[in-house]
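**Student:** Below you will find the structure I want to go over with you.
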């Protein structure tokens with residue numbers, strides 16, 4: 001494996017900025033060709049890729065073995081509505097079922113042990129969006145995915161989960177920065193306009209980020225596709241539209257890096273969501289995201305979109321629209337976090353079955 005980003009050519013450097021999805025459950029010829037072409041910094045599996053425990057481990061081992069650089073092998077394993085392992089293990093509880101820090105730690109421990117044995121090294125969890133009583137009515141798809149009912153409780157529970165997850169050898173990610181709890185629509189469909197002022201943003205939505213970045217050292221922050229029209233950080237694109245936070249340097253560079261002092265990897269939410277594709281298209285979105293300060297770009301399904309995004313970034317570097325220094329900065333952050341990757345534990349189908357039983361017992365405990 002290549003051990004230093006200085007050894008990479010431009011195509012390989014840009015590839016490292018991409019976290020991609022693959023089509024199916026096997027490392028077939030088309031999937032191998034995609035990975036060899038893009039040379040991605042990471043691969044994210046979804047339910048379509050996960051059919052059996054042994055098959056999942058073999059798929060991830062195969063991706064790792066064919067990658068010139070150790071990849072982030074990831075999934076969104078939150079529990080509840082977002083449970084990529086439900087085909088192969090007892091379904092895990094949703095975050096809003098967790099009421100104590102001890103239970104949050106147990107949740108993180110179960111996920112860490114199971115996912116690491118399956119071959120993963122990264123989990124895009126926990127959600128730290130704040131859903132308080134005033135926000136429960138909003139149809140943004142987040143209600144059951146959020147910990148606690150206020151900013152302090154969300155921070156406490158998500159922090160306990162994150163610490164146990166990362167102590168178990170799985171890199172964690174807090175999301176969706178700077179906070180989607182007050183969004184009235186789902187960014188999978190269209191661009192949310194989060195109608196809160198900076199006072200509410202600071203005391204509610206940013207509080208978990210500020211505290212967890214200080215105390216829990218999350219490897220990743222995932223940035224939302226959302227507009228905040230009443231915030232001083234909101235800027236407009238060249239067409240006069242509110243620029244989504246995931247493409248906005250005021251949020252990414254000034255707030256996340258300079259104010260919150262985040263040193264890890266900032267990654268976009270999936271750029272194939274309606275909030276982005278309907279307004280910018282994949283290539284333009286990738287260029288805007290990199291220039292805004294994103295380190296990794298998530299494109300989770302369409303291989304043509306993945307290639308188009310990669311090509312757009314390379315062309316933008318060639319034209320001078322993106323500086324090579326910005327690419328090198330992102331690659332250096334990715335490389336630094338990569339040093340934290342833990343190897344998978346030995347595959348053990350018996351232990352996975354025991355974990356399924358433990359998850360069932362945990363669910364019963366939460367429902368008492």
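The values are calculated or read from the model by the stated rules, or taken from the named source; none is laboratory data. What you see is a predicted model; the values in this text were computed from it and never measured. Because the Cβ atoms are built from the backbone with ideal geometry, glycine has one as well, and the counts that use them run over all protein chains shown.
**Student:** Between a residue in region 2-15 that is at pLDDT below 80 and any residue that is assigned to a helix (DSSP H, G or I) and surrounded by 13 or more Cβ atoms within 10 Å (Cβ to Cβ), which pairs come within a Cβ distance under 6 Å, given they are 6 or more apart or on different chains?
**Tutor:** 5/331; 5/335
**Student:** Pick from 102, 83: which is more than 20 Å from the chain's Cα centre (by Cα) and either surrounded by 20 or more Cβ atoms within 10 Å (Cβ to Cβ) or over 17 Å from residue 48 (Cα atoms) (or both)?
**Tutor:** When all the criteria are applied, what remains is 102.
**Student:** What pairs can you find where one residue is in region 169-193 and on the phi > 0 side of the Ramachandran plot and modelled with pLDDT of 95 or more, the other is part of a loop (DSSP other than H, G, I, E, B) and buried (at least 24 other Cβ atoms within 10 Å of the Cβ), and their Cβ atoms are less than 6 Å apart, with a gap of 6+ or different chains?
**Tutor:** 179/129
**Student:** For the subset of region 338-366 comprising residues that are over 26 Å from the mean Cα position of the chain (by Cα) and free of Cβ contacts under 8 Å to residues at least 24 places away in the same chain, which member is surrounded by the fewest Cβ atoms within 10 Å (Cβ to Cβ)?
**Tutor:** The extreme case among them is 350.
**Student:** Could you check, for region 317-337, whether at least one of its residues is outside any helix (DSSP H, G or I), buried (at least 18 other Cβ atoms within 10 Å of the Cβ), out of contact with any strand residue (DSSP E or B) (no Cβ under 9 Å at 6 or more places or on another chain) and in contact (Cβ under 8 Å) with a residue 60 or more places away in the chain?
**Tutor:** Looking through region 317-337, none of the residues is outside any helix (DSSP H, G or I), buried (at least 18 other Cβ atoms within 10 Å of the Cβ), out of contact with any strand residue (DSSP E or B) (no Cβ under 9 Å at 6 or more places or on another chain) and in contact (Cβ under 8 Å) with a residue 60 or more places away in the chain.
**Student:** Sticking with this structure for a sec: Taking region 113-159, which residues are over 22 Å from residue 269 (Cα atoms) and crowded, with 24+ Cβ neighbours inside 10 Å?
**Tutor:** Hits for region 113-159 are 114, 118, 157.
**Student:** What number of residues within region 338-358 satisfy the criterion of being in a helix (DSSP H, G or I) and either touching a strand residue (DSSP E or B) at 6+ places or on another chain (Cβ under 9 Å) or within 20 Å of residue 286 (Cα to Cα) (or both)?
**Tutor:** Of the residues in that region, 1 qualify.
**Student:** Here's something else I'd like to know. Modelled with pLDDT of 95 or more and assigned to a loop (DSSP other than H, G, I, E, B): which single residue out of 154, 160, 125 fits that description?
**Tutor:** Only one candidate passes the filter, namely 125.
**Student:** Might you let me know whether region 229-242 holds any residue that is under 28 Å from residue 160 (Cα atoms) and at pLDDT 95 or above?
**Tutor:** Within region 229-242, none of the residues are under 28 Å from residue 160 (Cα atoms) and at pLDDT 95 or above.
**Student:** Could you list, in sequence order, all residues of region 303-316 that are surrounded by fewer than 24 Cβ atoms within 10 Å (Cβ to Cβ) and in contact with a helix residue (DSSP H, G or I) (Cβ under 8 Å, 6 or more places away or on another chain)?
**Tutor:** Scanning region 303-316 gives 303, 305, 307, 308, 311, 312, 314, 316.
**Student:** Moving on to the next point. Return the total of residues in region 161-170 being in contact with a helix residue (DSSP H, G or I) (Cβ under 6 Å, 6 or more places away or on another chain) and either under 15 Å from residue 120 (Cβ atoms) or crowded, with 24+ Cβ neighbours inside 10 Å (or both).
**Tutor:** Total satisfying the criteria: 5.
**Student:** Which number in (1) in contact with a strand residue (DSSP E or B) (Cβ under 7 Å, 6 or more places away or on another chain); (2) more than 19 Å from residue 264 (Cβ to Cβ) marks the one condition that residue 176 misses?
**Tutor:** Among (1) in contact with a strand residue (DSSP E or B) (Cβ under 7 Å, 6 or more places away or on another chain); (2) more than 19 Å from residue 264 (Cβ to Cβ), the lone unmet condition for residue 176 is (2).
**Student:** Among the residues of region 44-59, write down those that are touching a strand residue (DSSP E or B) at 6+ places or on another chain (Cβ under 6 Å) and either surrounded by fewer than 18 Cβ atoms within 10 Å (Cβ to Cβ) or over 13 Å from residue 88 (Cβ atoms) (or both).
**Tutor:** Of everything in region 44-59, just one residue is touching a strand residue (DSSP E or B) at 6+ places or on another chain (Cβ under 6 Å) and either surrounded by fewer than 18 Cβ atoms within 10 Å (Cβ to Cβ) or over 13 Å from residue 88 (Cβ atoms) (or both), namely 44.
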